[in-house]
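Presented below is the structure to which this report refers.
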Amino acid sequence: QVQLVESGGGLVQAGGSLRLSCAVSGSTFTNYAMGWFRRVPGKEREFVAAIGGSSDSVFYGNSVKGRFAIARGDARNKVYLQMNTLKPEDTAVYYCAAKDGLYYYILANQYDFWGQGTQVTVSS
């Protein structure tokens, strides 16, 4: 059974930083294409960042470009989301997603597996 476990959320002041982690277990993937999304109550899920399963190419949503960075851990089944210069509008539940794929993917319905989500709250 594939499981994604996220960690690293919390409360931070505007301008601060947080690092989220996501690890995939129980999988037999060949290529770990992974992404981060976020959701605010009453709004649609928003794409944040993605990393390709084969080339490790990355792509970011416009609202986080230049502030957030997605990177792999020592193992290919683990990714981090480094979030810098956080703003109150970054407050959301952040979800990690994964699929066995070569490229990066920016649509939620392209992913097969999801984590439980971790709350990030940025105070002004």
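The values are calculated or read from the model by the stated rules, or taken from the named source; none is laboratory data. Nothing here was measured: the structure is a model prediction, and the numbers come from that model. Neighbour counts are summed over all protein chains in view; Cβ atoms, including those assigned to glycine, are modelled from backbone coordinates with ideal geometry. All accessible areas refer to the heavy atoms of the entire protein, side chains included, with ligands and DNA or RNA removed. Shrake-Rupley method; radii C 1.70, N 1.55, O 1.52, S 1.80 Å.
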Subject >> Top-ranked residue of region 72-83 - restricted to ones that are open to solvent by 50 Å² or more (accessible area, probe 1.4 Å) and in a strand (DSSP E or B), ranked as nearest to Ser17 (Cα to Cα) >> reply: Gln82
Original post:
Restricting region 1-45 to residues that are farther than 19 Å from Val93 by Cα and not in a strand (DSSP E or B), which is most open to solvent (accessible area, probe 1.4 Å)?
Top reply: Gln1
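Can you name every residue in region 92-124 that is of a type in the set (D, E, K, R) and in a strand (DSSP E or B)? Before you say what the answer is, go through the steps one by one.
To start, the set of residues in region 92-124 that are of a type in the set (D, E, K, R) comprises 99-100, 112.
Once the filter is applied, which keeps residues that are of a type in the set (D, E, K, R) and in a strand (DSSP E or B), region 92-124 yields Lys99, Asp100.
So, in region 84-107, exactly how many residues are within 21 Å of Ser54 (Cβ to Cβ) and either open to solvent by 40 Å² or more (accessible area, probe 1.4 Å) or more than 11 Å from the chain's Cα centre (by Cα) (or both)? Give the derivation first.
So in region 84-107, the residues within 21 Å of Ser54 (Cβ to Cβ) come out as 96-107.
Now narrow it down to the ones that are either open to solvent by 40 Å² or more (accessible area, probe 1.4 Å) or more than 11 Å from the chain's Cα centre (by Cα) (or both): 99-107.
Final tally of qualifying residues: 9.
Filter region 46-62 for residues that are in a loop (DSSP other than H, G, I, E, B) and open to solvent by 50 Å² or more (accessible area, probe 1.4 Å); which is modelled with the highest pLDDT?
From region 46-62, those in a loop (DSSP other than H, G, I, E, B) are 52-57, 61-62; that's our starting set.
Among the residues that remain, those that are also open to solvent by 50 Å² or more (accessible area, probe 1.4 Å) are: 54-56, 62.
Details: Ser54: 91, Ser55: 85, Asp56: 88, Asn62: 97.
Among them, the one singled out is Asn62.
Take Leu86 and tell me if it is outside any loop (DSSP other than H, G, I, E, B), at pLDDT 95 or above and not charged (D, E, K, R).
Criteria not met by Leu86.
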Original post:
What pairs come up if the first residue lies in region 105-119 and is farther than 23 Å from Gly10 by Cα and of a type in the set (A, V, I, L, M, F, W, C), the second is open to solvent by 60 Å² or more (accessible area, probe 1.4 Å) and assigned to a strand (DSSP E or B), and their beta carbons are under 7 Å apart, counting only those six or more places apart or on different chains?
Top reply: Ile106/Phe59
